[in-house]
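Report on one structure; see the data block that follows.
The values are calculated or read from the model by the stated rules, or taken from the named source; none is laboratory data. Worth saying up front: this structure is predicted, and the values here are computed from it rather than measured. Note: ideal-geometry Cβ built from the backbone for every residue, glycine included; neighbour counts use all protein chains shown.
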């Protein structure tokens, strides 16, 4: 296997190296940029190399692109070490050996293309011809290694399998499962000879109680189950769930908040269910929102000229992946997360159904659609793994050929409140209004793509049904009142067009006039409560409400006409046509509901406040650039609609998490479960973690890093990472501080062989950053809220969690209202303790894990310390003392009694 002789470039925070002609040498950034501009160079993750060199236009022969072509739908950590492991090559010993590794890896990938057992050969030659026409840098390198097949290769869309219709699953039988059956099933799932954990057994029995027959309508069994880390809650609830599904022939929905847990659930479920039933159907299905899946019609459009430049190359690599993917999931599935960042993340989103413009059976690829396949499979499944938002939406709309969820386990249950808060929100913003106009009217002149308006999508209906055709025409005419392209600039220029833009201009003016920051927060969004509004803004709101009603009315009429067509179908309406009309009815109902919510929001402006809602005006900005303007509405308690939509129709619901309750207090957990809004008393259960926190963890509260001292904060992070030798997860409450700290210390740490990665800095998606962090025990990772919860990095790769300060809630208008309703400071303290508990939970993931939790806050209230597990030592100390303890590990001598917090009662 000869290495590829093309020169290779590697850049890290420690320096830059180039291998040319078999010799590797260090060089400066300027020389590296000149070398890359002179001739294409081999590199790994070109956008990251460009960031390291400070030259965004850098391009070359990116090995990740080659890997995506040769091994679509196969995982690789996008680092030199990860590439070496994936290709069975020796790990690079140091940065200066990486260029030679890149050449060896390229040679091995090219050699794979000539192997007779190359599993992904099908379609490669055809894809390469298209990529060559697009002048993909790798095309000419690959040409000698991929032979032309003897017979012409089938087009991708003809190779994909079709889904089959299946009869609706009958309603589940009413069955009872007893504790002995649950114990036996749990023992089978954990495996013979496995350690018998009484905590897990008790937890599993409690979980079984939600599967009992319901005793009263609208009164489901509700269980709130706290499960400390290490209990084994996944198998704990899968045991009774699989038992009930087997006996009742019903479907259990397990809902998560993070994609990481979805992947874990899919793995764990293989212990309870086979990959396929004898008839070929799948007993376990992962369901996500439509916007997560590849849309084949969008892909076809992209392949046939809808995308240009680099985005067109991405489309062909995605087409390679589509032929080998497990389920077509582009966001968190088996499409490499780094693939989008190599090109444009927007291009990835353009290949999914982001705007709800699906034409259903009108699509030529309908029978092969990944979304439809998943929807139908879930209707026949024993276990559906979904996310909180999808479960709530599916419960509310009850469509997509799937049963309404009636037995639900909400894992990561502490996030149900936040998910409901987003799901049941209303926001009339410029961006949302523009999308609605495009959905109704179609794309504006000059725009590319296949997007079509209602008139084009329902042309056959309009020609057959005069009333339906008139409704479509009326809706399109009324939708001209909505904002169009350039709306932000027109508002900034003081020349809004139409009633909605006029309203948004008034919202913008009112928000800026009430801004309390004095211009100090120029880079951030601003907001003001929707109270005491002037007469002009209220008048504009009323005019906008009239315009929205004029759009909604013909949409409702069109929905009625479509229903009549389905009820009394004409001769020409076949099965696919009926499915298309059913899909259009769903989309119409969704848009009409949105318009009704906007009208209700506008009609209340200027009137008395509704105690159930919180309304505010906002101008959204990023780096001082405005990107949206709007009026927002949230339920003061979003668990009220959650209870009505999700809990009342259900028979059994379980909310479980390691951080469900606040210390020993269940009141907050009950309030945030929705149980208080229905006639059902929740069952409560708690299983303590089996981990030895007293000996395996320490909390260090550093008292001498001053708040606001960015240089001191950066220095503290650098010294902590040095003392730990990497393996540090740094959590920040502000992106700006994260970027400053990273910029000050990354080079210094890299020179010591301690790689540092960061969200919002490195051009890498969050999931891939975690993969990189997990793969290298000497790496450290800085991030924000997304890394505080749901990150599972057991072992040596995570030895320390460091928080820059106490995670106080953001003082927004919504927070202020909920704080007032929830007990003031006690409400804030509960939120903070939950965040601390979630962050601490990243540290100890297995019984062998050991580590430190560091908070760089001189003013850490003792009342927050109950966030940490009982028995965990909590030590207030200086930074120097903390560094000694970090360097010495957990064998360090105990701190003096006066410095140790003994608050564990």
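Observations on the model:
- Where helices (runs of 4 or more DSSP H) fall entirely within segment 585-696, those with at least 2 residues that are touching a residue at least 40 places away in the same chain (Cβ under 8 Å) and within 30 Å of residue 852 (Cβ to Cβ) are at 667-671, 693-696.
Yes or no, residue by residue, for (1) crowded, with 19+ Cβ neighbours inside 10 Å; (2) at pLDDT 95 or above:
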residue: 640; (1), (2): no, yes
residue: 643; (1), (2): yes, yes
residue: 668; (1), (2): yes, no
residue: 680; (1), (2): yes, no
residue: 684; (1), (2): no, yes
residue: 688; (1), (2): no, no
residue: 692; (1), (2): no, no
residue: 695; (1), (2): no, no
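- Some residue of segment 253-269 being out of contact with any strand residue (DSSP E or B) (no Cβ under 7 Å at 6 or more places or on another chain) and assigned to a loop (DSSP other than H, G, I, E, B): yes
- Among (1) assigned to a helix (DSSP H, G or I); (2) under 23 Å from residue 620 (Cα atoms); (3) modelled with pLDDT under 90, the one test that residue 512 misses: (3)
- Residue in segment 30-37 that is assigned to a strand (DSSP E or B), more than 26 Å from the chain's Cα centre (by Cα) and under 29 Å from residue 127 (Cα atoms) present: no
- First in segment 766-783 and not assigned by TED's automatic domain parsing to the domain that holds residue 745 and assigned to a helix (DSSP H, G or I), second anywhere and surrounded by fewer than 23 Cβ atoms within 10 Å (Cβ to Cβ) and at pLDDT 95 or above, Cβ under 6 Å, 6 or more apart: none
- Residue 99 vs. criteria closer than 26 Å to residue 34 by Cα, in contact with a strand residue (DSSP E or B) (Cβ under 6 Å, 6 or more places away or on another chain), in contact (Cβ under 8 Å) with a residue 40 or more places away in the chain and not assigned by TED's automatic domain parsing to the domain that holds residue 331: yes
- Any hit, segment 767-788, residues being over 24 Å from residue 77 (Cβ atoms) and surrounded by fewer than 23 Cβ atoms within 10 Å (Cβ to Cβ): no
- Test: residue in segment 356-370 that is free of Cβ contacts under 8 Å to residues at least 24 places away in the same chain and surrounded by fewer than 21 Cβ atoms within 10 Å (Cβ to Cβ): no
- For segment 496-504, the criterion of being touching a strand residue (DSSP E or B) at 6+ places or on another chain (Cβ under 6 Å), assigned to a helix (DSSP H, G or I) and at pLDDT 85 or above is satisfied by at least one residue.
One line per residue, one yes/no per condition, for (1) within 30 Å of residue 228 (Cα to Cα); (2) at pLDDT below 95:
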site: 138; (1), (2): no, no
site: 166; (1), (2): no, yes
site: 190; (1), (2): yes, yes
site: 199; (1), (2): yes, yes
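- Residue check, residue 539 surrounded by fewer than 21 Cβ atoms within 10 Å (Cβ to Cβ), modelled with pLDDT of 95 or more, out of contact with any strand residue (DSSP E or B) (no Cβ under 8 Å at 6 or more places or on another chain) and farther than 18 Å from residue 431 by Cα: yes
- Of the residues making up segment 183-194, none is in contact (Cβ under 8 Å) with a residue 24 or more places away in the chain, under 32 Å from the mean Cα position of the chain (by Cα) and loosely packed, with under 11 Cβ neighbours inside 10 Å.
- The residues on offer are 102, 160, and the sole one that is surrounded by 11 or more Cβ atoms within 10 Å (Cβ to Cβ), at pLDDT 95 or above, within 32 Å of the chain's Cα centre (by Cα) and more than 30 Å from residue 689 (Cβ to Cβ) is 102.
- Meets criteria (in contact (Cβ under 8 Å) with a residue 24 or more places away in the chain, outside the structural domain of residue 814 (by TED's automatic domain parsing) and surrounded by 20 or more Cβ atoms within 10 Å (Cβ to Cβ)) for residue 576: no
- Selection of segment 47-60 for residues being touching a helix residue (DSSP H, G or I) at 6+ places or on another chain (Cβ under 7 Å) and touching a residue at least 60 places away in the same chain (Cβ under 8 Å) yields 47, 59, 60.
- Of residues in segment 467-493 being in a helix (DSSP H, G or I) and surrounded by fewer than 17 Cβ atoms within 10 Å (Cβ to Cβ), the one nearest to the chain's Cα centre (by Cα): 489
- Residue in segment 546-567 that is assigned by TED's automatic domain parsing to the domain that holds residue 602 and part of a loop (DSSP other than H, G, I, E, B) present: no
- For residue 629: the one exception among (1) at pLDDT below 95; (2) more than 27 Å from residue 829 (Cβ to Cβ); (3) outside the structural domain of residue 233 (by TED's automatic domain parsing): (1)
- Members of segment 203-237 that are in contact with a strand residue (DSSP E or B) (Cβ under 6 Å, 6 or more places away or on another chain), within 21 Å of residue 844 (Cβ to Cβ) and assigned to a helix (DSSP H, G or I): 203, 233
- Looking only at segment 784-800, and only at residues there that are in contact with a helix residue (DSSP H, G or I) (Cβ under 6 Å, 6 or more places away or on another chain) and not in a loop (DSSP other than H, G, I, E, B), the one that is farthest from residue 710 (Cα to Cα): 797
- Test: residue in segment 734-757 that is touching a strand residue (DSSP E or B) at 6+ places or on another chain (Cβ under 9 Å), over 29 Å from residue 706 (Cα atoms) and outside any loop (DSSP other than H, G, I, E, B): no
- When 819, 833, 842 are checked against the criterion of being farther than 21 Å from residue 227 by Cα and either assigned by TED's automatic domain parsing to the domain that holds residue 531 or modelled with pLDDT of 90 or more (or both), a single residue qualifies: 819.
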